[in-house]
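Below is one structure, written out as structure tokens; the observations come after it.
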Amino acid sequence: MNGTENIDPSRAQAGAAVSGLDASSLVPAAEGYERWASTYDHDPNPLLAREERYLSPLLLDVRGKRILDLACGTGRWLEKLMARGGVSGVGIDCSFAMLRVAKNKDAVTGRVARAGCESLPLRTAYFDLAICSFALAHIGDLGSMVRELARVTMAGADVFVSDLHPDAYTRGWGVGFRDKNRAMQIETVRRSIEAIVSVFRANGFECMLNETLWLGSPEQRVFEKAGKAHIFADASQVPAVLICHFRRLASQADVQFPRKHPEGVRL
Ligand SMILES: C[S@@+](CC[C@H](N)C(=O)[O-])C[C@H]1O[C@@H](n2cnc3c(N)ncnc32)[C@H](O)[C@@H]1O
């Protein structure tokens, strides 16, 4: 599979938007999520499905945890984690439209605030579990975001980060969707895994795990639902999702080299 074969804007709806869209289809994140919000939870999205298939078992029991969902969007993870026993939870996002959807979910109502991830309206050293799902590539100033994350989390806090895999960008995938009229691709910043991990390490996090996920047979059903079964075989050859698990160290002096943990880490 090469970049040219990937050119198929109709794939955008399945959450695997690709290159080949014309310049007018590329929109800033603010506009993109304003338009995507109303269908975000309903569009068949194999990337979200794959991420959940991996992360959900690791986050089954979060009883007593103080949870931060950074760039929470429609509150996908916050809703799940509160249902699994989170003692308190907050979702932060900069999109009014995404937060409007989030606020309609019972477990999320009253728990979300509009803010940029780079400057959090949150108290210091409070959260012991944070998740930032499919948002990293929209954050221009990753250093500021991770510095804030370090400030608001407690020593020992677990932080899970997911995003479209850097190799998927290289193969021509992007972040996008299709609204009534056209396919749209949302602006992103490309970073290598090493660049991401090094920003976290520089801010007092140990990398417990970085894992590459490929789409598998459960996601094939998502493609079928979206009427895209014919492109699944190619899509399943691409490293699709990156998952990182970081742990907040007590002090910068404790920062260690990241190591691979194939099974992930249970909380
Ligand atoms: C693909 S959505 C992911 C939403 C949710 N985390 C999920 O996985 O379903 C990306 C989200 O990042 C938010 N976002 C982008 N840049 C942001 C920033 N600088 N600060 C806060 N939120 C941001 C967008 O508004 C959008 O809701």
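Name the single residue that is farthest from Ile243 (Cα to Cα) among those in the range 180-208 being among the small types (Gly, Ala, Ser) and part of a helix (DSSP H, G or I).
Ala202
Among the numbered criteria (1) more than 12 Å from the ligand (Cβ to nearest atom); (2) farther than 20 Å from Gly86 by Cα; (3) of a type outside the set (Val, Ile, Thr), which one does Glu31 miss?
Here Glu31 clears every test but (1).
Taking the range 116-127 only, how many residues are surrounded by fewer than 22 Cβ atoms within 10 Å (Cβ to Cβ) and away from the ligand (no atom under 12 Å from the Cβ)?
Within the range 116-127, residues that are surrounded by fewer than 22 Cβ atoms within 10 Å (Cβ to Cβ) and away from the ligand (no atom under 12 Å from the Cβ) number 5.
Is it true that Ile139 is β-branched (Val, Ile, Thr), within 13 Å of Ala71 (Cα to Cα) and out of contact with any Phe, Trp or Tyr (no Cβ under 7 Å at 6 or more places or on another chain)?
yes
Counting only residues that are within 8 Å of the ligand (Cβ to nearest atom) and closer than 19 Å to Val222 by Cα, which one in the range 42-74 is surrounded by the fewest Cβ atoms within 10 Å (Cβ to Cβ)?
Here the residue is Leu48.
Given the criterion at pLDDT below 95 and not in a helix (DSSP H, G or I), identify the matching residue among Pro44, Pro121.
The match here is Pro44.
Taking the condition at pLDDT 95 or above, surrounded by 24 or more Cβ atoms within 10 Å (Cβ to Cβ) and not in a helix (DSSP H, G or I), does Gly89 pass?
Against the criterion (at pLDDT 95 or above, surrounded by 24 or more Cβ atoms within 10 Å (Cβ to Cβ) and not in a helix (DSSP H, G or I)), Gly89 qualifies.
What residue, among those in the range 144-176 that are buried (at least 23 other Cβ atoms within 10 Å of the Cβ) and of a type in the set (Ser, Thr, Tyr), is farthest from the ligand (Cβ to nearest atom)?
Thr153
Any idea which of (1) touching a residue at least 60 places away in the same chain (Cβ under 8 Å); (2) aromatic (Phe, Trp, Tyr); (3) crowded, with 23+ Cβ neighbours inside 10 Å is the one Trp77 doesn't satisfy?
Only one criterion is unmet by Trp77, namely (1).
Scan the range 69-92 for residues that are in contact with a Phe, Trp or Tyr (Cβ under 6 Å, 6 or more places away or on another chain) and either among the acidic types (Asp, Glu) or closer than 16 Å to Phe127 by Cβ (or both) and jot them down.
Hit for the range 69-92 is Asp69, nothing else.
Residues of the range 103-115 being closer than 23 Å to Asp158 by Cβ and near the ligand (Cβ under 9 Å from one of its atoms), which ones?
Answer for the range 103-115, where residues must be closer than 23 Å to Asp158 by Cβ and near the ligand (Cβ under 9 Å from one of its atoms): just Ala115.
Of (1) at pLDDT below 50; (2) closer than 18 Å to Val189 by Cα, Tyr33 satisfies all except one. Which?
Unmet condition: (1).
The values are calculated or read from the model by the stated rules, or taken from the named source; none is laboratory data. Bear in mind the structure is a predicted one, so any value in this text is a computation, not a measurement. Note: ideal-geometry Cβ built from the backbone for every residue, glycine included; neighbour counts use all protein chains shown.
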